[in-house]
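Worksheet for the structure shown next.
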Amino acid sequence: MTDMKKILGGYLIILFLVFSCAKGPSTGKMIPKGKGFDSLEFQYYYVEAIKQKVFGNPSDALRLLDQCLKINPESDAANFQIAQILSATGNEKESRKYAIRANELDKNNIWYMLMLAGSYYKEQKPDSAVYYYEMASRRFPERRDLALTLGGLYSEKGDFERAAGIFDE
């Protein structure tokens with residue numbers, strides 16, 4: 001078996017595990033009631049999009065993810081993947097629109113919050129970066145790394161009192 005086949009096989013196993021374990025135990029229903037979309041078709045396009053992203057074909061991945069959003073406009077995952085690709089290609093403002101949408105659809109996803117914080121930080125908008133780090137550290141108090149980063153952001157902004165409060169804690 002060649003190395004490429006091993007890599008592809010491992011990739012497919014990971015994708016299988018992600019889709020089979022991501023939302024908890026299965027109820028046996030393949031198409032969610034009331035959603036009004038074909039989840040199998042959505043999953044096909046989503047997996048193909050991730051494959052194209054991994055293989056370094058961002059335009060193909062974006063095209064497939066756009067198809068995912070046509071099937072299910074309420075997909076936080078598809079919005080997030082588009083945001084990641086756009087950010088990686090340097091289109092930060094457009095990326096942020098999709099990241100904001102993903103965050104609106106799932107307010108408890110730490111990765112969406114961190115992507116938005118990082119995006120605003122790159123654009124030198126520390127107040128917005130602080131907002132998303134505050135949100136993340138409130139929702140995930142066990143993640144001390146978030147509090148430390150937040151303290152660093154306060155320090156960068158010159159708010160040494162708040163930074164010291166976080167570091168003392």
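Translational diffusion coefficient, Stokes-Einstein: compute it for region 65-105 using the Kirkwood radius over C-alpha pairs as Rh, at 37 °C and 0.692 mPa s, and state it as an integer in µm² s⁻¹. Can you show the working numbers first?
On the way: Rh = 9.7 Å.
Roughly 338 µm²/s, to the nearest whole number.
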Two-site label geometry, Phe140 and Glu74: point separation in nm, points 7 Å out along Cα→Cβ: 2.5
Which length gain, in nm to one decimal place, applies between Ile110 and Phe37 when the Cα-Cα distance is subtracted from 0.36 nm times their residue separation? 23.6 nm
Probe 1.4 Å, all chains present, heavy atoms only: Lys70 accessible area in Å², nearest 10, is 140
Any idea how far apart Ser155 and Asp60 come out in nm if each label point goes 7 Å out from Cα toward Cβ? 4.5
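Determine the share of region 60-148's accessible area contributed by carbon and sulfur atoms, expressed in whole percent, with a 1.4 angstrom probe.
C and S fraction of accessible area: 49 percent.
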Karplus ³J(HN,Hα) for region 101-108 (6.51 cos²θ - 1.76 cosθ + 1.60, θ = phi - 60°; Hz, whole; x = Gly/Pro) runs 4, 4, 5, 5, 6, 9, 6, 10
So, with +1 on the Cβ of K and R and -1 on the Cβ of D and E, and no other charges, what is the size of the charge dipole of region 24-169 about its Cα centre, to the nearest 20 debye? 380
Can you report the principal axis dimensions of region 106-153 using only the alpha carbons, biggest first, rounded to whole angstrom? 27, 24, 12
Given the C-alpha atoms of region 48-169, compute the convex hull and give its volume per residue in Å³. 99
By a straight-distance test (C-alpha under 17 Å), which aspartates and glutamates pair with Lys125 as possible cross-link partners, with residues fewer than eight away in the same chain excluded? Glu92, Glu94, Glu134, Glu156, Asp159
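The values are calculated or read from the model by the stated rules, or taken from the named source; none is laboratory data. None of the values given here were measured: they were computed from a predicted structure. Glycine also receives a Cβ, built like all others from the backbone with ideal geometry; neighbour counts cover every protein chain displayed. Quick note on the areas: whole protein, heavy atoms, side chains included, nothing else; ligands and nucleic acids left out. Shrake-Rupley method; radii C 1.70, N 1.55, O 1.52, S 1.80 Å.
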